[in-house]
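Student: Here it is: the structure, laid out below.
What follows is calculated from the coordinates using simple rules that are stated; it is not laboratory data. All of these numbers come straight from a predicted model, not from anything done at the bench. Counting neighbours? That spans all protein chains shown, and the Cβs are built from the backbone with ideal geometry, glycine included.
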Amino acid sequence: MAEPFSWVPTGIDTDVPSAARVYDFLLGGGHNFASDRVVGEKVLRVLRDGRAIASSNRSFMRRAVLLMMEHGIDQFLDLGSGIPTVGNVHEIVQRENPDARVVYVDHDEVAVSHSQLILEGNDNAGVVQADMCQPQDVLSDPVVKDLIDFSKPVGLLMVAVLHFVPDSKGPAEVVARYRDAVPPGSLIALSHLTADFKPEEMGFVVDAMEHSRDPMHFRSLARFEPMFAGMELLEPGVVPAPRWHPELGPAGEGGPEDVYVGIGRKV
């Protein structure tokens, strides 16, 4: 039976788990349902550092945004943004530059609903409900066109989302279409879960997510790195998350190495 939450958008089947809400559970958030927690607990039984892996992904996003700001970028498109938690992109950038602009994109109704609540009254940030695998729909959305000036460099984020894109949808091609849409000087941050280090445990995670709205597709470094084709990789290249500019995070942050990350510059 579906759970009666007043904050749930009309028509949501809370019995079907979603990646955004399982991720929220792993991050310690409160916008998830029993079905999501069942999947999350399954993950944690076989992947004991699952919460740390989720946190490592989130930390990379923060460091990536800080580095983008150092490069003068003041507008951001966050694809597959997920459930709002502390340290959202707009909170990070608008603390330093209140005029910085941010658009969040997600297909999960709960993620979009809560983003709308958080962004109420913020004229420099917006949210779009769309499938990021349909770039033409995202890029032509009125919110995107109103807030993002594609004549200037853009900070494009695809963090903890590409491992939900099956091969049949061509994840590298999806990245390439966004790369082609942004101007030179734009920075594109990608992260991707891998089974390179824990193949057995990650196999169980794939099984746990199989019947959710968002099955998972872990990829090796050899399959992830080519997604930066046509870009100039910033140092230190594509590496496990804790090795990517640790100086931009809290001292001793560290964490598991089951997430590959990197930033490419559109040239």
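Student: Give the label of the value calculated from the structure for Cα Rg over 2.2 N^0.38 Å, choosing from (1) 0.94; (2) 1.07; (3) 1.01.
Tutor: (1)
Student: Could you give me the ³J(HN,Hα) list for region 92-104, computed from phi with Karplus coefficients 6.51, -1.76, 1.60 and θ = phi - 60°, whole Hz, x at Gly and Pro?
Tutor: Couplings: 5, 7, 7, 5, 8, 9, x, 8, 5, 10, 9, 10, 9 Hz.
Student: Sticking with this structure for a sec: What are the ³J(HN,Hα) values, in whole Hz, obtained from phi via the Karplus relation 6.51 cos²θ - 1.76 cosθ + 1.60 with θ = phi - 60°, for each residue of region 133-146 in sequence order, with x given for Gly and Pro?
Tutor: With coefficients 6.51, -1.76 and 1.60, one gets 6, 10, x, 5, 5, 5, 6, 9, 5, x, 5, 5, 5, 6 Hz.
Student: Moving on to the next point. Once amide H atoms are built 1.01 Å from N in the peptide plane, which residues 5 or more positions from Ser212, or in another chain, come under 5 Å H to H?
Tutor: Close amide H contacts, sequence-distant or interchain: none at all.
Student: Can you list the residues, at least 5 places off or on another chain, whose amide H is less than 5 Å from the amide H of Gly262, using H built in the peptide plane?
Tutor: Leu190
Student: So, one more: Over the chain, how many pairs of lysines fall under 24 Å by alpha carbon, counting only those 8 or more apart in sequence or from different chains?
Tutor: 4
Student: Counting other C-beta atoms within 10 Å, and keeping those with at most 13, which DSSP coil GluC sites (Glu not before Pro) do you find in region 76-158?
Tutor: Glu120
Student: Would you mind checking which residues have amide H under 5 Å from Thr14's amide H? H placed 1.01 Å from N; only 5 or more apart, or other chain.
Tutor: Residues meeting the amide H criterion: Glu3.
Student: Only helical DSSP H runs with n ≥ 4 go in: add -39500 (n - 2.57) per run for the chain, normalise by residue count and round the 222 nm mean residue ellipticity to 500 deg cm²/dmol.
Tutor: It comes out at -10500 deg cm²/dmol, rounded to the nearest 500.
Student: If a/c stays under 1.5 just call it rounded; otherwise compare a/b with b/c (prolate if a/b is bigger, oblate if not). Do that for region 153-267, with a ≥ b ≥ c from the square roots of the Cα gyration tensor eigenvalues.
Tutor: Oblate.
Student: Let me ask something additional. Subtract the Cα-Cα distance of Arg213 and Lys169 from 0.36 nm times their separation in residues, and report this length gain in nm to one decimal.
Tutor: Full extension from Arg213 to Lys169 adds 14.3 nm.
Student: In addition: In what sequence, highest mean first, do 128-134, 188-194 appear when ranked by Cβ atoms within 10 angstrom?
Tutor: 188-194, 128-134
Student: Let me ask something else. Which whole-Hz ³J(HN,Hα) couplings does region 199-215 yield from phi under the Karplus relation 6.51 cos²θ - 1.76 cosθ + 1.60, θ = phi - 60°, glycine and proline marked x?
Tutor: Working through the residues one at a time gives x, 5, 4, 5, x, 5, 5, 4, 5, 5, 8, 4, 9, 7, 5, 9, x Hz.
Student: Express as a percent, rounded to the nearest 5, the fraction of DSSP beta bridges in the chain (both residues included) that run antiparallel.
Tutor: Beta bridges within the chain, antiparallel portion: roughly 40 percent.
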